[in-house]
Amino acid sequence: MHTKAEKQPGVKKVVIAGGGTAGWVAAAALSKRLKGLIDVVLVESEEIGTVGVGESTIPPVQLFHNLLGIDEQEFMRATDATFKLGISFENWGQIGDKYIHPFGTTGKGSFLADFQHYYLHGLRMGITAPLGEYCYELQAAKAHKFGKSDSSAISYAYHLDAGRYARFLRRFSEAQGATRIEGKIAQVQQQVNGDIRALVLESGEEISGDLFIDCTGFRALLIEQTLHAGFERWDHWLPCNKAVVVQTEPAATLPPYTRAIAHDSGWQWKIPLQHRVGNGLVYAGDYLSDDEARQRLLDGLETPALMQPRVLSYQTGRRKKFWHKNCVALGLSSGFIEPLESTSIYLFMNGVIRLLRMFPFHGCSEVLSDEYNRQSISELELVRDFIILHYHQTQRSDSPFWNYCRTMTIPDSLAQRMALFKDSGRAFQSGEELFRLESWVHVMLGQRLLPDNYHQIVASLSETELSRYLHSIRHTINQVVERLPSHRDFIQRYCKADGN
């Protein structure tokens with residue numbers, strides 16, 4: 001029998017089950033930041049493939065790299081990476097519509113009224129410049145330009161090759177002392193209290209540990225198949241459940257943004273790397289067959305394919321517990337929200353940062369795992385609402401898929417935000433939320449949710465003052481963008497991919 005003290009031994013060895021991006025993100029962070037405090041072992045099999053399509057990121061990835069001391073140019077050369085200033089959404093509000101959800105700030109508001117109120121007042125006064133003209137990153141993206149300087153800070157993320165990124169992080173992790181063990185997991189052994197004791201490989205080797213991280217993807221071998229943490233489905237809000245993916249030769253242009261192009265049963269992505277383009281068609285299996293999706297993807301390619309298309313199936317939703325007993329689920333094993341806003345890699349990274357902040361040096365406890373779960377669930381549900389917004393806030397009625405999305409019942413939390421914006425033009429970013437106020441504004445306005453009213457403090461400006469104010473913002477942005485080099489030229493000088 002275990003005494004109470006014996007049930008909660010200190011954590012000295014962390015075992016990561018599974019590699020891929022999530023596994024090596026965890027290994028890199030733990031081996032670097034807790035070096036000398038714990039041992040890190042990662043178990044993976046070369047025979048088990050990874051999904052490997054998470055090739056578009058958002059700006060917080062820079063914070064993760066800074067935390068680990070990763071050199072940007074080295075990372076970009078190793079992963080065929082390009083810069084990303086936002087996402088171009090096409091055909092979402094109506095067929096033919098196009099807007100960019102940019103990174104960075106938009107305009108300049110005041111203490112009492114955010115910039116969208118000035119913009120909305122300008123529309124009423126006849127100043128019809130699009131919202132995007134008040135955002136530096138968006139204008140640079142449209143011009144296919146990019147640059148970095150102290151005088152004009154730019155908010156950006158990356159497009160990258162997920163397979164190369166995992167290999168880059170593996171080299172980084174092993175240099176920090178992490179150990180990789182090759183092998184397939186045949187069995188998971190548990191202690192009397194239900195905690196995981198060891199992974200048993202097909203070779204018979206046992207890998208014991210104090211804390212286990214499940215990076216086994218959708219299989220969720222530890223957190224679900226062994227510990228039965230439970231799963232909450234979200235397919236009634238996010239009906240897409242499949243994707244067909246293919247890589248193609250590089251295109252003539254190198255835009256510093258991802259394209260998300262809606263079709264009658266979902267959407268398609270285009271992600272430009274230095275020497276190829278990542279393409280994927282996301283769809284709802286109830287509305288489009290695999291063969292139709294594959295052909296639609298091939299028909300829409302701009303350059304020749306480099307591989308045969310492959311179909312992936314997935315289930316949107318989350319684990320009811322991300323941390324259960326002595327196991328933390330990270331990546332696809334913890335849940336999945338489709339990559340419409342490129343959040344997958346960020347969620348891997350923030351999950352392991354959260355674990356670093358709450359690391360159970362003195363043993364796993366329910367009070368610690370409960371707080372980890374509360375924060376993780378809150379974060380993921382806020383991301384979920386933002387993704388649902390894109391589907392629900394549409395005027396498309398050209399297909400059964402869009403009719404369903406437009407009329408479906410949405411979470412109360414999202415309905416309230418949309419109603420608030422429609423009523424008064426107000427948006428917000430809550431404490432644990434990833435997406436900024438401006439992200440919500442760009443998507444809601446971009447998809448034709450126009451407020452009925454706005455903060456009347458902006459009406460204190462005369463039409464001349466308002467016009468001069470808005471014009472000065474646009475003029476300053478245009479001047480800076482004009483001086484930027486092309487995205488392609490900057491890439492060539494700054495981070496041309498290794499071996500090319």
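Nothing in this text is a laboratory measurement; each read-out follows from the coordinates by a stated rule. Computed from a predicted structure; not experimentally measured. Don't worry about glycine lacking a Cβ; one is built from the backbone with ideal geometry, like all the others, and counts go over all protein chains shown.
Of note:
- Model label zone, ASN193; criterion: amide N under 19 Å from point 7 Å along Cα-to-beta-carbon; scope the range 360-395: 360-373
- Using alpha-carbon coordinates, inclination of helix 344-357 to the longest axis of the chain, degrees: 60 degrees
- Cβ-to-Cβ counts within 10 Å put SER333, SER397, SER155 in ascending order as SER397, SER155, SER333, the fewest first.
- Hull volume per residue, based on the alpha-carbon atoms of the range 419-500 and their convex hull, is 179 Å³.
- Note on ARG384, ARG171: ascending count of other Cβ atoms within 10 Å places them as ARG171, ARG384, the fewest first.
- Nitroxide proxy distance, nm - points 7 Å out along Cα→Cβ at GLN456 and GLU74: 6.0 nm
- GluC sites (Glu not before Pro) within the range 386-490, DSSP loop, no more than 15 other Cβ atoms inside 10 Å: GLU432
- A straight Cα-to-Cα reach below 14 Å connects LYS320 with the aspartates and glutamates GLU224, GLU232, ASP370, GLU371, GLU379, GLU381, residues fewer than 8 places away in its own chain not being considered.
- The distance between label points at ALA305 and LYS184 comes to 2.8 nm (points 7 Å beyond Cα on the Cα→Cβ vector).
- From the C-alpha gyration tensor of the range 82-178, square roots of 5λ in Å: 36, 18, 12
- For the chain, the longest principal axis of the Cα atoms and the long axis of helix 437-446 meet at an angle of about 60 degrees.
- Spatially, the range 182-203 and the range 417-462 are offset by 50 Å when compared through their Cα centroids.
- Coordinate range of the alpha-carbon atoms in the range 173-265 per principal axis, descending: 56, 41, 23 Å.
- When the listed pairs LYS142/LYS242; LYS84/LYS270; LYS98/LYS496; LYS32/LYS84 are checked against a 23 Å cut-off, the alpha-carbon distance exceeds it for LYS142/LYS242; LYS98/LYS496; LYS32/LYS84.
- Charged-residue dipole, Cβ positions (Lys, Arg, Asp, Glu), the range 73-170 about Cα centre, Debye nearest 20: 220 debye
- Converting phi to 3J(HN,Hα) with the Karplus coefficients 6.51, -1.76 and 1.60 and the offset θ = phi - 60°, the range 404-415 yields 5, 4, 5, 9, 5, 6, 10, x, 4, 4, 6, 4 Hz in sequence order, with x at every glycine or proline.
- Residues LEU382, LEU298 arranged by fewest to most Cβ contacts within 10 Å: LEU298, LEU382
- Contour minus Cα-Cα distance for HIS144 and ASN403 (0.36 nm per residue): 89.8 nm
- Rel. contact order, % - alpha carbon contacts under 8 angstrom, at least six apart, the chain: 23 percent
- Between amide H atoms placed 1.01 Å from N, distances below 5 Å from LEU312 occur with ALA243, VAL244, VAL245, all of them 5 or more places distant or on a separate chain.
- Overall, the chain carries a charge dipole of about 720 debye about its Cα centre when +1 sits on the Cβ of Lys and Arg and -1 on the Cβ of Asp and Glu, all other atoms neutral.
- Between 0 and 90 degrees, the angle of helix 162-175 with respect to the longest Cα principal axis of the chain falls at about 50 degrees.
- The coefficient of translational diffusion for the chain, derived via Stokes-Einstein from the alpha carbon Kirkwood radius under 20 °C and 1.002 mPa s, stands at 89 µm²/s.
- Counting 0.36 nm for each residue step from SER378 to SER289 and taking away their Cα separation leaves a gain of 28.6 nm.
- Karplus-derived 3J(HN,Hα) values for the range 299-305, using 6.51 cos²θ - 1.76 cosθ + 1.60 with θ = phi - 60°, are 5, x, 6, 8, 9, x, 6 Hz; glycine and proline are entered as x.
- Our note on the geometry: Cα centres of the range 15-29 and the range 349-377, 16 Å apart.
- Bridge orientation summary for the chain: considering DSSP beta bridges with both residues in this region, about 70 percent are antiparallel.
- Per-residue Karplus couplings for the range 26-40, computed as 6.51 cos²θ - 1.76 cosθ + 1.60 with θ equal to phi - 60°, are listed in order as 5, 4, 4, 5, 5, 5, 7, 7, 10, 4, x, 9, 9, 9, 10 Hz, Gly and Pro entered as x.
- At an R0 of 25 angstrom, the distance between the Cβ atoms of GLU205 and HIS228 translates into a FRET efficiency of 0.45.
- Computed lengthening from LEU112 to ALA415, 0.36 nm per intervening residue step minus Cα-Cα distance: 106.7 nm
- Computed label-point distance, nm, for sites THR253 and LEU37 using a 7 Å Cα→Cβ extension: 4.8 nm
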